[in-house]
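Peer 1: Before I ask anything, let me first share the structure, which is written out below as structure tokens.
The values are calculated or read from the model by the stated rules, or taken from the named source; none is laboratory data. Because the structure is a prediction, the values reported are computed rather than measured. Reconstructed Cβ throughout: ideal geometry from the backbone, glycine too, with neighbour counts over all protein chains shown. In case anyone asks, the SASA skips ligands and DNA or RNA and just uses the protein heavy atoms, side chains included. Shrake-Rupley method; radii C 1.70, N 1.55, O 1.52, S 1.80 Å.
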Amino acid sequence: MRQKIVAANWKMNMYYMSGIKLISEIVPLIADEVKGDVKVIIAPPFIHLHSAAQLMYGSKKVFLGAQNCFFEEKGAYTGEISAAMLASLGVQYVIVGHSERRNFFNEDDVIISKKIFRVLEDNMQVIYCCGETSVQREAGKHKDVVAKQIETALFWLSKERMQKIIIAYEPVWAIGTGVNATPEQAQEMHAFIRSLIEKKFGAGLAQETSIIYGGSVTPVNAKSLFSCPDVDGGLVGGASLISSDFISIVKAGE
Ligand code: 13P
């Protein structure tokens with residue numbers, strides 16, 4: 001059985017006190033209300049990582065993620081945060097390859113691969129994001145685009161390291177737009193991604209890899225998306241900022 005995962009990507013939201021309040025609400029709600037075997041990852045902005053680590057301490061269901069890190073080990077890189085720093089705080093997952101970082105920060109395949117290497121070196125897991133734009137989908141190129149993203153970022157990894165990768169399919173046109181992929185679109189792409197992994201790494205690893213969906217996931221659409229056979233949960237932006245909505249989405253992944 002593949003691990004079901006619901007991850008929260010807060011992006012650049014929540015001030016210091018409001019962030020602490022949100023995590024303080026989410027952790028006990030998950031302990032009380034979520035009975036099934038779904039792993040919850042919360043990736044708040046860096047300023048919240050320390051408090052979040054303390055508030056999650058001892059939880060068997062909720063784990064700490066970060067939204068980014070730098071690819072160098074340490075040194076004179078003003079403003080950057082290393083993977084080892086994150087690991088030292090108790091971070092276990094790092095999001096890499098998010099379309100917002102590809103677009104706004106020009107992160108290309110080389111940068112993304114270096115970040116993946118560094119996160120794995122520091123014994124954390126990667127949530128690797130891929131997904132096409134609306135123009136690419138309309139041109140019928142969505143599978144080619146995603147295949148290239150998967151191949152360049154992941155196919156150089158050893159089988160052992162590939163086991164530390166969670167894939168998030170996030171069609172760019174669905175992120176923050178209120179227009180989610182239909183369950184059929186999500187299932188088609190997730191099955192395609194799994195087939196790519198199978199060809200490269202074998203059926204066993206392909207069956208074990210969690211492939212989660214991101215892009216306008218809400219309490220209303222979560223169940224239908226997460227019920228698709230190859231959709232193993234979600235990566236949630238906007239709806240992860242409201243505790244009751246996020247809990248409903250986590251429960252849809254049970
Ligand atoms: P939204 O859920 O706000 O569409 O964001 C999805 C996302 O980008 C998660 O990483």
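Peer 1: Could you list, ordered by first residue, the pairs with Cβ atoms under 6 Å in which the first is in the stretch 116-142 and closer than 18 Å to Gly214 by Cβ and in a helix (DSSP H, G or I) and the second is more than 14 Å from the ligand (Cβ to nearest atom) and of a type in the set (Ser, Thr, Tyr), at least 6 apart or interchain?
Peer 2: none
Peer 1: Further, regarding this structure: Going by what's in this entry, would Ala66 be described as within 16 Å of the ligand (Cβ to nearest atom), crowded, with 16+ Cβ neighbours inside 10 Å and touching a residue at least 12 places away in the same chain (Cβ under 8 Å)?
Peer 2: When the stated conditions are applied, Ala66 passes them.
Peer 1: Still on this structure: Looking at the stretch 206-223 only, could you name the residues that are of a type outside the set (Asp, Glu), open to solvent by 10 Å² or more (accessible area, probe 1.4 Å) and more than 16 Å from the ligand (Cβ to nearest atom)?
Peer 2: Across the stretch 206-223, the qualifying residue is only Gln207.
Peer 1: Looking at (1) farther than 29 Å from Asp230 by Cα; (2) within 19 Å of the chain's Cα centre (by Cα); (3) free of Cβ contacts under 8 Å to residues at least 60 places away in the same chain; (4) surrounded by fewer than 17 Cβ atoms within 10 Å (Cβ to Cβ), which is the only condition Asp109 fails?
Peer 2: With respect to (1) farther than 29 Å from Asp230 by Cα; (2) within 19 Å of the chain's Cα centre (by Cα); (3) free of Cβ contacts under 8 Å to residues at least 60 places away in the same chain; (4) surrounded by fewer than 17 Cβ atoms within 10 Å (Cβ to Cβ), Asp109 is out only on (1).
Peer 1: Taking only pairs six or more apart or across chains, which ones have beta-carbon atoms under 6 Å, a first residue in the stretch 166-194 that is touching a residue at least 40 places away in the same chain (Cβ under 8 Å) and more than 10 Å from Asn221 (Cβ to Cβ), and a second residue that is within 11 Å of the ligand (Cβ to nearest atom) and part of a helix (DSSP H, G or I)?
Peer 2: As it stands, the answer is Val172/Ser99, since those pairs meet every condition given.
Peer 1: Taking the condition open to solvent by less than 10 Å² (accessible area, probe 1.4 Å), touching a Leu at 6+ places or on another chain (Cβ under 6 Å) and farther than 13 Å from Ala8 by Cα, does Ala186 pass?
Peer 2: When the stated conditions are applied, Ala186 passes them.
Peer 1: Based on this model, can you work out whether Lys74 counts as closer than 29 Å to Arg2 by Cβ, more than 16 Å from the chain's Cα centre (by Cα) and in a loop (DSSP other than H, G, I, E, B)? Full working, then the answer.
Peer 2: On the way: closer than 29 Å to Arg2 by Cβ: no; more than 16 Å from the chain's Cα centre (by Cα): yes; in a loop (DSSP other than H, G, I, E, B): yes.
Judged against the criteria, Lys74 is not a match.
Peer 1: Follow-up. Hey, any hits in the stretch 35-48 for a residue that's assigned to a helix (DSSP H, G or I), open to solvent by less than 70 Å² (accessible area, probe 1.4 Å) and more than 21 Å from Glu107 (Cβ to Cβ)?
Peer 2: For the stretch 35-48, residues assigned to a helix (DSSP H, G or I), open to solvent by less than 70 Å² (accessible area, probe 1.4 Å) and more than 21 Å from Glu107 (Cβ to Cβ): present.
Peer 1: Can you say whether Ala83 is touching a helix residue (DSSP H, G or I) at 6+ places or on another chain (Cβ under 8 Å) and open to solvent by 10 Å² or more (accessible area, probe 1.4 Å), as far as the supplied structure shows?
Peer 2: In short, no.
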